[in-house]
Every structure is written in structure tokens, then in C-alpha cells.
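The values are calculated or read from the model by the stated rules, or taken from the named source; none is laboratory data. Owing to the predicted nature of the structure, the values given are computational and were not obtained by experimental measurement. Positions of Cβ are backbone-derived with ideal geometry, glycine not excepted, and every protein chain shown enters the neighbour counts. For accessibility, only protein heavy atoms count, side chains too; no ligands or nucleic acids. Shrake-Rupley method; radii C 1.70, N 1.55, O 1.52, S 1.80 Å.
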Amino acid sequence: LMPEPLDKAIRSIGLEPHAPQKGTLVVFPDPCGYLFRDKHAREWAVQDRVVFVCGHYEGIDQRIIERYATDLVSLGDFVLTGGEVASMVMADAIIRQIPGVLGASESLDEDSHGASGLLSYPQYTRPEDFEGEKVPEVLMSGNHAAIAKWRRQQALQATRKNRPELFAQAELSKADLDLL
């Protein structure tokens, strides 16, 4: 995208070139950027505002990036036709970190990539029996300690199987090792 229209658009929201504003992030989604992680969503959720500047096809004139970008961010090792979808993904991850957005704030800790750094445990709903496949008995037991232990074991196993690089970074206790 050409620099003049973008520069005018960015200035129209009160930003000036080479003058970062406290509490404002100017994010350029770009496959050359660092990988967006849940930790970024948590950090960005406390900012006053996050501005996404989205390129399309070949991207944005480098001079605009150098003038305004506080962050050049990628969602992964692939290329999209534009930054709009990446921005929506990041915005959703950020918004759910804002207090009051989720019904129960402890959900953030239990979700994949939450406080433990592990993936989430499997979820089950009613009916208890669906076409011969049953909810694990422990979840129907009412034994909260046993349920917590089962959930932790499932999270550990899922992370080890599906995301070994996350598992390798996880801080595991002796109890965790016993569950495996």
C-alpha cells in the first residue's frame, strides 16, 4: 500500500511519525514479524489502545512501518492475502483477556495456553451417553479432587502428544510426573 494515504489515515487518529504514544501499540500484521502468543494478548489487553494497520497482497510501504510500528507480528509460518483476518484473531485473543469479558475469569487460567502453559483438558456435555460413547465416570462422580486430578492428567497428556515444544517448557511437579 502506498505511504501517503496510510500516513494520512494514521495521523487522523492522533499518531505522529516516529513518536510512540504511551499506552498505544501500533501493530502491523506481517509474516516477517515475531510470533503472536497468548502472553502478548495478556500484555496488550492492559494498553489504552491497540491500532492494527493491515496491508494487502504485497504489504505496506516500508517507510510507514518504520514511522509508526511498535510491533510487527505474525500468526505463523504462512501468508494471508491481507492483515485483516490476522488482526481479528489477535483482537479476539486480546479482548477475552479484559476483565469482565468472560463470565468467569478463572477460565483464562484453565484454557489452553493459560497460566499452566499446557493445553486444555477435553470437554464433555450432556447427555452422559451419546450413541454408546460415555462421559468419563470421574466427571460424573462429584469428587472435585478426582476431577481436578483427571483434568490435569488429560492436559499433560494432550500437551505432550500435540505440542511437545510446549510440554518441554512446562514446569512439572513430582505429582505431574506421577500422573504421566
**OP:** Could you give me the percent of Cα pairs per 5 Å distance bin for region 30-180, shortest bin first, beginning at zero and ending with the bin that holds the maximum distance?
**Re:** 2, 8, 13, 15, 15, 14, 12, 9, 6, 4, 2, 1, 0
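Mind ranking Glu131, Glu16 by accessible surface for me, highest first, 1.4 Å probe?
Final ranking, largest accessible area leading: Glu131, Glu16.
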Original post:
Which Cα, out of Pro5, His56, Leu35, lies furthest along the positive dipole direction of region 1-122 (beta carbon charges, K/R +1, D/E -1)?
Top reply: Pro5
Original post:
Over region 1-56, what is the mean sequence separation of C-alpha contacts under 8 Å (at least six apart), divided by residue count, expressed as relative contact order in percent?
Top reply: 44
Original post:
In region 113-166, what is the volume of the convex hull around the alpha carbon atoms, normalised per residue and reported in Å³?
Top reply: 89
Subject >> Computed accessible area, Glu133, all protein chains, 1.4 angstrom probe, square angstrom >> reply: 130
**OP:** For region 24-37, just list the computed ³J(HN,Hα) in residue order, Karplus coefficients 6.51, -1.76 and 1.60, θ = phi - 60°, integers in Hz, with x standing in for Gly and Pro.
**Re:** 10, 10, 10, 9, 10, x, 7, x, 8, x, 6, 6, 6, 10
Subject >> Solvent exposure, largest accessible area first (probe 1.4 Å, DNA, RNA and ligands not counted), of Val50, Val89, Val79 >> reply: Val79, Val89, Val50
Original post:
Counting only the heavy atoms of the protein chains, how much of Ser12 is accessible to a 1.4 Å probe, in Å² to the nearest 10?
Top reply: 90
Original post:
What does the charge dipole of region 1-119 about its Cα centre add up to, to the nearest 20 debye, if the Cβ of each Lys and Arg holds +1 and the Cβ of each Asp and Glu holds -1?
Top reply: 320
Subject >> Equivalent ellipsoid semi-axes, region 20-94, via Cα gyration tensor eigenvalues times 5, rooted, Å >> reply: 18, 15, 10
**OP:** Ignoring everything but the protein chains, give the 1.4 Å probe accessible area of Asp92 in square angstrom, nearest 10.
**Re:** 100
Original post:
Given Cα pairs under 8 Å that are at least 6 residues apart, what percent is the relative contact order of region 25-145?
Top reply: 27
Original post:
Which residue fluctuates the most in the chain, going by a Gaussian network model with Cα springs under 10 Å, if the choices are Gly33, Gly100, Gly142?
Top reply: Gly142
Original post:
Largest first, how would Lys39, Lys22 line up by accessible area (1.4 Å probe)?
Top reply: Lys22, Lys39
Original post:
How much mean residue ellipticity at 222 nm does the chain get from its helices, if each DSSP H run of length 4 or more adds -39500 (n - 2.57) and you divide by all residues, to the nearest 500 deg cm²/dmol?
Top reply: -11000 deg cm²/dmol
